[in-house]
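These notes are about the structure you will find just below.
Every number in this text was worked out from the coordinates using simple rules, so none of it is lab data. If you're wondering where the values come from, they're calculated on a predicted model, not measured in any experiment. Every residue, glycine among them, receives a Cβ derived from its backbone with ideal geometry; neighbour counts consider all protein chains shown.
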Amino acid sequence: MAGLCWFLARLLGSRALFLLVYLVVLATIASAVASRRRLQLTLERSEVSLRMREGQSATIELTLRAAKRVSTIVVEDVLDPVLGPSVQVPVSVLAAGGELTHRYSFTPARRGVYRVGPARAVWSDPFGLTAQEQQLAEATEVIVHPAVETVNDRVLSRMWEDPPIRPPVSKPWPTGFEFYGMRDYVPGDDLRRVVWSAVAKTDRMLVRESEQGITDRIVILFDTCREWHSPGDPSATFETGVRAAASIGIRHLQDGFSVSYVTNDGEVRAHMRGQGAKLPYLDDLARAQPTATPFSGLSAALLGASRRGSHLVVLTPHLDTEGAAALRLALDRGASVTIAALVWEETDPFLPARAAALGCGVVQVPADSSLEAVFAHQIGAGIRG
């Protein structure tokens, strides 16, 4: 604009217009120089929980301190759009040595990995011709875990209980399942399972056993192929699959099983066991994203994980011929397979029947459904019958 006005002043020969152009240029330079000052400010953000759950609220406190007097600035703490709008705190005047505190809260609506921050100060010159910003605090990463429901996906095998004999290759379930019986103590048994009242009555060292099943090795295989999940961001079936993987995995970890987690892109985490494995497992699920890798990637992992005494839980919205063949081979190798079919309006209606015909256990999981109710209704929550 200054150049255009200068050309116009030269064309018209207007001395006043020349002076106006020079004045505007000088004012712009002065504004830029004046606004480039560095603010003597420090900002402290209260500790942010690094891990949260869906729907859990977090309260953040920002404390702003000024070493020198500042005026007419805006302090902004940038938030990921999923967490809510960025927080802006206008500061009209803050005297030297003054302190300003502001609290705000946010509630993550869905799982994922988000950033809180960075926090910055934004200000302008008195004429509003330039704008400057200064970073006051760095960003913090927040991992939002998926919701976990009480899912009773007990891998029970009633065939071994009538008559009550044990299969040739099997281990008793860890503690946490229904009482099965007692047996003589052998070296290596957990002393916490000793039934001391029975020892007092029989003078025999007896340990408690829980109900017998096939294995304590669980492999959760989650089909992350974007093509077959419901559209949208986020995808309803994909998020339901993440919740189902979290609920099933956490339940088996609580019961002492060995849990492995596999996606179409390969094994994410193997042979997790114990309470300490929960957080890393939920961290992995919080980061899960749809991919372009087809089910064939999962089929290879499925065959690698299938062996006698393994239980496979396959979470998928689609089952093609190649996937069915892989499931058949896994069953022939002695593995137990449960298909959690993530269904929506365009899901193949024959998927449950096709999986059941192979000999798999089948649970139909509608998108955005209550996992606890679905598994309790279709599996029976492990109730005797």
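Starting from the stretch 293-353, pick out the chymotrypsin sites (Phe, Trp or Tyr not before Pro) whose DSSP state is loop and whose Cβ has at most 12 other Cβ atoms within 10 Å.
Taking the stretch 293-353 and a limit of 12 other Cβ atoms within 10 Å, the loop chymotrypsin sites (Phe, Trp or Tyr not before Pro) found are PHE350.
Based on the Cα atoms of the stretch 41-145, what semi-axes does the equivalent ellipsoid have, where each is the square root of 5 times one gyration tensor eigenvalue, given in whole Å with the largest first?
Square roots of five times the eigenvalues give 28, 14, 10 Å.
Would you kindly state how much longer the chain becomes between HIS377 and LEU26 on full extension, computed as 0.36 nm times their sequence separation minus their alpha carbon distance, in nm to one decimal?
118.6 nm
State the answer as a single residue: which of VAL87, SER57, LEU100 lies farthest towards the positive end of the charge dipole of the stretch 45-126, with beta carbon charges of +1 for Lys and Arg and -1 for Asp and Glu, about the Cα centre.
SER57
Fewest Cβ neighbours within 10 Å first, please rank PHE257, PHE7, PHE375 accordingly.
By the 10 Å Cβ count, ascending: PHE7, PHE257, PHE375.
Evaluate the charge dipole of the stretch 41-145 about its Cα centre and quote only its size in Debye, nearest 20, assuming +1 on the Cβ of each Lys and Arg and -1 on the Cβ of each Asp and Glu.
160 debye
Per-residue HN-Hα couplings for the stretch 256-267, Karplus 6.51 cos²θ - 1.76 cosθ + 1.60 at θ = phi - 60°, whole Hz, x for Gly and Pro?
Residue by residue, the stretch 256-267 yields x, 7, 8, 10, 10, 10, 10, 10, 4, 8, x, 6 Hz.
Within the stretch 318-362, list the GluC sites (Glu not before Pro) lying in a DSSP loop whose Cβ has at most 15 other Cβ atoms in a 10 Å radius. It would help to have the intermediate numbers written out before the result.
Numbers: sites: GLU322, GLU345, GLU346; in loops: GLU345, GLU346.
Counting only loop positions with at most 15 other Cβ atoms within 10 Å, the GluC sites (Glu not before Pro) in the stretch 318-362 are GLU345, GLU346.
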